[in-house]
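Asker: Mind looking over this structure? Questions follow.
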Number of protein chains: 2
Amino acid sequence: MLRLRPATRADVPLILSLIRELATYERDPAAVVATEEALARDGFGERPLFQVTIAEWSGTPVGFAFWFFAYSTWRGQPTLYLEDLFVRPEARGRGIGKEMMRYLARTALDTGCGRFVWQVLDWNSPSIEFYESLGAQVVHEWLTCRLDGEALRALAGR
Amino acid sequence: MLRLRPATRADVPLILSLIRELATYERDPAAVVATEEALARDGFGERPLFQVTIAEWSGTPVGFAFWFFAYSTWRGQPTLYLEDLFVRPEARGRGIGKEMMRYLARTALDTGCGRFVWQVLDWNSPSIEFYESLGAQVVHEWLTCRLDGEALRALAGR
């Protein structure tokens, strides 16, 4: 019943809806300022900045994976970086998340990636346990640094 | 005396040398398995997976920044992701690292990025202080998950 397929430009409204559903699930719906125009331009033009995999159950969309290629200098290989993974609440418990992770692992190998990477919140124990059950290593020593908004403009001198 | 410029395919041997120097500085030179062929293919073909900025001091290469575009689904904007930043030890103390970070902040804004992101090791206090002095926020709650080697192949069923 489960089918995983690459998204096309026609899926942009669905993708934005799934992004909003994920944000609502994480109780931060106002954080989504992405638009259909931006997603169509950045994901489905001549140089796509990301890829989306749609999960359908008996023809109905039930989830998505949003990913792109990062790069490992030491390996000299791309890395498959998973930005968002979401299964609609009503479709959970059917192994869809695990099947999507398997699909992405195969995609990583098929595209010459040496590594498959994503992030998880440190308080999200169920997800951490799920990822560890898939064989993933949870890295604690690397911290993420960010610059955005006013701080980014200030460093740029603008 | 400082000039920052985009790398070209002719810089690939220099880039690999700088990657190795960074790994040696981090006391892990054997971890570099990247080759000139891989870097030329992945960075200077039709669809470059990364960008490199070379720092020269009076015409001599003294450092590099290795970066690519990630993507923020909630923002609907690319993110400038800095993978490696390195200044040769003999060229330190001249503000080259800070100038490269400023250059990357300007590049982020010029390319429509809403965010500039990188990672730092949690024990690397001098770097953390440097990044915070640039206005960066160090995020502790997001952990990185990784799958590679045998674990990646096992999840893929290969």
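We did not get these values from a lab; they are worked out from the coordinates using the rules stated. Worth saying up front: this structure is predicted, and the values here are computed from it rather than measured. Backbone-built Cβ (ideal geometry, glycine too); neighbour counts: all protein chains shown.
Asker: In terms of the Cα gyration tensor, with a ≥ b ≥ c the square roots of its eigenvalues, is the protein assembly as shown rounded because a/c is under 1.5, prolate because a/b exceeds b/c, or oblate?
Answerer: prolate
Asker: What percentage of all Cα-Cα pairs in segment B:33-158 are separated by more than 24 Å?
Answerer: 41 percent
Asker: Which trypsin sites (Lys or Arg not before Pro) does segment B:39-110 hold that lie in a coil by DSSP with at most 14 other beta carbons within 10 Å?
Answerer: Counting only loop positions with at most 14 other Cβ atoms within 10 Å, the trypsin sites (Lys or Arg not before Pro) in segment B:39-110 are B:Arg92, B:Arg94.
Asker: A further question on this structure: To the nearest 0.05, how large is the calculated FRET efficiency for B:Lys98 and B:Ala10 if R₀ is 35 Å and r is the Cβ-Cβ distance?
Answerer: In this case the efficiency is close to 0.80.
Asker: In addition: Could you grab the relative contact order for chain B? Cα pairs under 8 Å, six or more apart, rounded to a whole percent.
Answerer: In percent, rounded to a whole number, it is 17.
Asker: To the nearest 500 deg cm²/dmol, what mean residue ellipticity at 222 nm is calculated for chain A from DSSP H runs of n ≥ 4 alone, each contributing -39,500 (n - 2.57), summed and divided by the residues?
Answerer: Taking each H run of at least 4 residues, the total per residue is -10500 deg cm²/dmol.
Asker: If I stretch the segment between A:Glu150 and A:Ser58 completely, what's the gain in nm (0.36 nm per residue apart, minus their alpha carbon distance), one decimal?
Answerer: Extra length from A:Glu150 to A:Ser58 when fully extended: 28.5 nm.
Asker: Something else now. Just to confirm the numbers: B:Pro13, label point 7 angstrom along the Cα-Cβ line, distances to the other copies in nm, shortest first?
Answerer: Nearest first, the other copies' label points are 5.7 nm away.
Asker: Could you compute the FRET efficiency for A:Arg3 and B:Asp28, with r as their C-beta to C-beta distance and R0 at 35 Å, rounded to 0.05?
Answerer: 0.25
Asker: Starting from a label point 7 Å past Cα on the Cβ side, list the distances from A:Asp122 to the same position in the other copies, nm, shortest first.
Answerer: Reported distances to equivalent positions: 0.6 nm.
Asker: So the label point sits 7 Å from Cα along the Cα-to-Cβ vector; using that for B:Lys98, what distances do you get to the other copies, in nanometres, sorted shortest first?
Answerer: Values, ascending and in nm: 5.3.
Asker: Using a 10 Å cut-off around each Cβ of peptide B:89-100, what is the average number of partner chain Cβ atoms that fall inside?
Answerer: Counting other chains' Cβ atoms within 10 Å and averaging over B:89-100 gives 0.
Asker: Based on DSSP H assignment, which helices of chain B show an axial Cα extent of at least 15 Å together with a mean Kyte-Doolittle hydropathy greater than or equal to 0.5?
Answerer: For chain B, where a helix must reach 15 Å along its axis and average at least 0.5, the hits are B:12-25.
Asker: Let me spell out the model: positive unit charges on the Cβ of Lys and Arg, negative unit charges on the Cβ of Asp and Glu, origin at the Cα centre of segment B:2-155. What dipole size does that give, in debye rounded to 20?
Answerer: For segment B:2-155, the charge dipole is close to 440 debye.
Asker: Would you mind checking which residues have amide H under 5 Å from B:Arg115's amide H? H placed 1.01 Å from N; only 5 or more apart, or other chain.
Answerer: When sequence neighbours closer than 5 places are left aside, the close amide H contacts are B:Leu80.
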